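A.B. asks: This structure is in structure tokens; I'll ask about it shortly.
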Amino acid sequence: MAIPHLELTGVSIDFPSPQGPFRALQNINLKIDQGEFISVIGHSGCGKSTVLNIVAGLYQATKGGVILDGKEVNEPGPERAVVFQNHSLMPWLSAYQNVELAVKCVFKGKKTKAEMKQWIEHNLSLVHMEHAMHKRPDEISGGMKQRVGIARALAMEPTILLMDEPFGALDALTRAHLQDSLMDIHTELGNTVIMITHDVDEAVLLSDRIVMMTNGPAATIGDVLSVELQRPRNRVALADDARYNHYRHEVLSFLYEKMNKQKKDTVNNKKDERENLVRLEKRKRKGEKAA
Amino acid sequence: MEINGITMKSANSIFDRIASSIKSVREMDPKQLASVIIKGTLVPLTGIVAFLVIWQLGASRIDTSLGKFPGPAEVWTQTSNLVDEHNNVRAKEAAFYERQRKRNEEKLAGDPNAEVTWRDYTGKETFFDQIWTSLYTVMTGFLLASLIAIPTGIMIGLSSTLYMAVNPLIQIFKPVSPLAWLPLVTMVVSALYVSDEPIFAKSFLNSMFTVLLCCMWPTLINTAVGVVGVSKDLNNVSKVLRLNWWTHVRKIVLPSAIPMMFTGLRLSLAIAWMVLIAAEMLAQNPGLGKFVWDEFQNGSSNSLGRIMAAVLVIGFIGFLLDRSMLMLQRFVSWDKSMVLR
């Protein structure tokens, strides 16, 4: 059997809290192949960012581990580039200089100055930011900042591209443009991408597989859905596609029916418990009265 | 121009700002323009005039042992006296040097190998000389304090252990008044600075060190806060890029901390100027503080007026120092969310 590109085995993580260790994730198992586009979706607070941070090496799993290309992952590195939710650009550097910082760190000694310049400009043009590359973050819009963040991550030539709700803070139109850009980049470069998202449509449109997480605490992988839609995918054409809608239905049903049922069950259980206690109290009092 | 990755905006930006404000003025309609000018100049002017009137009325009612409390007219007279005195002394000095030069020339003309002596003019310092002395004393003290406070602030910001070690000392020494430091500084300087040909006057060193001890705390504390407050996201970027410690400090921590650092510097300069005047009075450094003290000891009928004139000059110089610091801060600070005024 081929060694999977990225493998998470039995990953669990506890966070110390005043009430004792808080188990955020429980027994996460996932195998990802080279070139796959994976979306992770789930309710707020279920630990999606935590999974990403463990793969990135920013957190250490308490149990289990992450193996990339046969090597264990336990610290951050440029081969697992991260695109953060808040672009995280240096406010005192221009867009070009922000990408340059990453390129200089990763390719020091391996590329000449001219090659570096070309590489930086190539990545900025991949995200359509050539015209504004010498502007500072406070001079460009949120969408443009996020694009520069993506360019910076791509410029590190990562084995895996990790994206933490990259389009969450953007309006619908900008999001649509950036999703299309991301699909083009993914087709052109063939890199592995793990993306966290809240948006069901985004997940179905962009991914090869959707990983759906259960509610926290002690969240785990509830279900993995394979999206077998032909690439390149056109959002307008897919709007009427039966399979696209079926996939959407599956994800929505998982999130809003199964997960909510879980919530309701716990609520109902608590209600039943309370009613039982009240009944017992009444019987006891009747018993005392009779005696 | 790049320093530590911060691209300094060129002077063009100042011209751009002036140009854009001129442009916006030209685009205003005349009524709006008139109201802006009137508001901008008339209102502050009214405030100043009202203050002068109240001052004059109040002053004429206060009788002190040295004569009436000086009103604005009296202060104006004294100021022009000070200017005249300064010009007189300068003229005398020029004349002295001229006579000396002529004398020595004649000597050399008569006998080319004769010994000529060049003496320095030993006249009394004028008011403006004293202003200059105060300024270079405060700048020396402030710059030395910054040279100590900024690296220390960075060190304690980066290491929480160092911070816990140094913090109690900061909290204890921060509130100490300059007048309490001065005797200690004087004793130490006179014990350690023993030389036959001193470059620096002892009074200068005493004032300068007192200023240093009192004004370094805001810079130290604010630099530490700036270093500690580097955004978590930027720290994560640094971890992903696997930056070594030195690069991390140089490229991420220091530029992040610069806005807070400059806030600290501005506070420190304001404190330094205030401390200097007090220190000069007691250390007898020939600056504005000494001027006020001498006038007070002198007790002539002009004294209060001259002291009042000195007070206004001290305030005005403090204002100019603060404004220069503000301009420097605007030039260097990248943080657009900080309102700088």
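A.B. asks: Going by the structure shown, is residue A:159 over 23 Å from residue A:91 (Cβ atoms), surrounded by 15 or more Cβ atoms within 10 Å (Cβ to Cβ), of a type in the set (Ser, Thr, Tyr) and in contact (Cβ under 8 Å) with a residue 24 or more places away in the chain?
C.D. replies: Numbers: over 23 Å from residue A:91 (Cβ atoms): yes; surrounded by 15 or more Cβ atoms within 10 Å (Cβ to Cβ): yes; of a type in the set (Ser, Thr, Tyr): yes; in contact (Cβ under 8 Å) with a residue 24 or more places away in the chain: yes.
Yes.
A.B. asks: Filter the range A:67-110 for residues that are basic (Lys, Arg) and either buried (at least 17 other Cβ atoms within 10 Å of the Cβ) or assigned to a helix (DSSP H, G or I) (or both); which is farthest from the chain's Cα centre (by Cα)?
C.D. replies: In the first step, residues of the range A:67-110 are kept if they are basic (Lys, Arg); the result is A:71, A:80, A:104, A:108, A:110.
Those left that are additionally either buried (at least 17 other Cβ atoms within 10 Å of the Cβ) or assigned to a helix (DSSP H, G or I) (or both): A:80, A:104.
Numbers: A:80: 13, A:104: 27 Å.
If we take residues in the range A:67-110 being basic (Lys, Arg) and either buried (at least 17 other Cβ atoms within 10 Å of the Cβ) or assigned to a helix (DSSP H, G or I) (or both), then A:104 is farthest from the chain's Cα centre (by Cα).
A.B. asks: Residues of the range B:90-113 being exposed (fewer than 11 other Cβ atoms within 10 Å of the Cβ) and either among the hydroxyl-bearing types (Ser, Thr, Tyr) or closer than 30 Å to residue B:130 by Cβ (or both), which ones?
C.D. replies: Answer for the range B:90-113, where residues must be exposed (fewer than 11 other Cβ atoms within 10 Å of the Cβ) and either among the hydroxyl-bearing types (Ser, Thr, Tyr) or closer than 30 Å to residue B:130 by Cβ (or both): B:91, B:98, B:99.
A.B. asks: Which pairs have Cβ atoms under 7 Å, sit 6 or more apart or on different chains, and link a residue in the range A:85-104 that is more than 7 Å from chain B (Cβ to nearest Cβ) to one that is among the aromatic types (Phe, Trp, Tyr)?
C.D. replies: Filtered contacts from the range A:85-104: A:103/A:119.
A.B. asks: Can you list the helices (runs of 4 or more DSSP H) found entirely within the range B:251-333 that contain at least 1 residues being within 14 Å of another protein chain (Cβ to nearest Cβ) and out of contact with any strand residue (DSSP E or B) (no Cβ under 8 Å at 6 or more places or on another chain)? So that I can check it myself, show each step before the final result.
C.D. replies: On the way: elements: B:254-283, B:288-298, B:303-332.
Counting at least 1 such residues, we get B:254-283, B:303-332.
A.B. asks: Here is a further query. Looking at the range B:199-233, which of its residues are assigned to a helix (DSSP H, G or I), within 14 Å of chain A (Cβ to nearest Cβ) and surrounded by fewer than 20 Cβ atoms within 10 Å (Cβ to Cβ)? Walk me through it before giving the result.
C.D. replies: First, pick out the residues of the range B:199-233 that are assigned to a helix (DSSP H, G or I): B:202-228, B:232-233.
Right, trim to within 14 Å of chain A (Cβ to nearest Cβ) and you get B:226, B:232-233.
Of everything in the range B:199-233, those that are assigned to a helix (DSSP H, G or I), within 14 Å of chain A (Cβ to nearest Cβ) and surrounded by fewer than 20 Cβ atoms within 10 Å (Cβ to Cβ) turn out to be B:232, B:233.
A.B. asks: Related question: For residues that are among the charged types (D, E, K, R) and within 14 Å of chain B (Cβ to nearest Cβ), tally how many sit in the range A:123-179. Quick ask: steps written out before the conclusion?
C.D. replies: As a first pass, look at the range A:123-179 and keep what is among the charged types (D, E, K, R): A:130, A:135-136, A:138-139, A:145, A:147, A:152, A:157, A:164-165, A:171, A:175.
Among the residues that remain, those that are also within 14 Å of chain B (Cβ to nearest Cβ) are: A:135-136, A:138-139, A:145, A:152, A:157, A:164-165.
Summing the residues that are among the charged types (D, E, K, R) and within 14 Å of chain B (Cβ to nearest Cβ) in the range A:123-179 gives 9.
A.B. asks: Could you go through the range B:100-110 and let me know if any residue there is of a type outside the set (Asp, Glu) and under 29 Å from residue B:202 (Cα atoms). So that I can check it myself, show each step before the final result.
C.D. replies: Here is the first cut: in the range B:100-110, the residues of a type outside the set (Asp, Glu) are B:100-104, B:107-110.
Then keep just the ones that are under 29 Å from residue B:202 (Cα atoms); that gives none.
No - not one qualifying residue is present in the range B:100-110.
A.B. asks: Consider only pairs whose beta carbons are under 8 Å apart and that are at least six residues apart or on different chains; among these, list those whose first residue lies in the range B:235-247 and is more than 7 Å from every other protein chain (Cβ to nearest Cβ) and whose second residue is crowded, with 17+ Cβ neighbours inside 10 Å.
C.D. replies: Filtered contacts from the range B:235-247: B:235/B:252; B:238/B:248; B:238/B:252; B:247/A:105.
A.B. asks: How about the range A:221-262: which of its residues are modelled with pLDDT under 90 and hydroxyl-bearing (Ser, Thr, Tyr)?
C.D. replies: A:256
A.B. asks: With respect to residue B:245, determine if the residue is surrounded by fewer than 21 Cβ atoms within 10 Å (Cβ to Cβ) and either in contact with a helix residue (DSSP H, G or I) (Cβ under 6 Å, 6 or more places away or on another chain) or more than 13 Å from residue B:138 (Cα to Cα) (or both). Before you say what the answer is, go through the steps one by one.
C.D. replies: Numbers: surrounded by fewer than 21 Cβ atoms within 10 Å (Cβ to Cβ): yes; either in contact with a helix residue (DSSP H, G or I) (Cβ under 6 Å, 6 or more places away or on another chain) or more than 13 Å from residue B:138 (Cα to Cα) (or both): yes.
Criteria met by residue B:245.
The values are calculated or read from the model by the stated rules, or taken from the named source; none is laboratory data. As the structure is a prediction and not an experimental result, all values here were calculated from the model. Don't worry about glycine lacking a Cβ; one is built from the backbone with ideal geometry, like all the others, and counts go over all protein chains shown.
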